[in-house]
1. Whole-Å semi-axes of the chain's equivalent ellipsoid, largest first, each the root of 5 times a Cα gyration tensor eigenvalue?
2. Only four residue types carry charge here, +1 at the Cβ of Lys and Arg and -1 at the Cβ of Asp and Glu. Report the dipole size of the chain about the Cα centre in Debye, rounded to the nearest 20.
3. Please give the helix 51-72 orientation as an angle from the longest Cα principal axis of the chain, in degrees from 0 to 90, rounded to the nearest 10.
4. Go through N53, P6, L42 and say which Cα lies farthest out towards the positive end of the charge dipole of the chain; charges sit on Cβ, +1 for Lys and Arg, -1 for Asp and Glu.
Amino acid sequence: MTASPPARPPERPERPGSDGRISLRVAVIATLGALSGAVAGLLTWLAHDNAANAVLVGLGTVAAAYVFFQRIIR
């Protein structure tokens, strides 16, 4: 008895004009969000000398900044 070859997964149809990379808009928004979070976390750490608090403030700022920049950059 011979074993049949494994079935290939179905190919995902590509959207026209999509080559698998993120758009420039998403890259800019993510970069601005990360920079905002880093600056807010650094300033919090310098002010309070508490690393855990600085990380939490930085992560919260990343989320808020991402939403903010997503709404203003069209």
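Throughout, read-outs are computed from the coordinates displayed, never taken from laboratory work. This one's a predicted model, so the numbers in the text were calculated from it and none came from an experiment. A quick note on method: Cβ atoms are made from the backbone with ideal geometry, for glycine too, and the neighbour counts reach across all protein chains shown.
1. On the way: eigenvalues 356, 84, 12 Å².
In descending order the semi-axes read 42, 20, 8 Å.
2. That gives a dipole near 320 debye.
3. It works out to around 70 degrees.
4. Farthest towards the positive end: P6.
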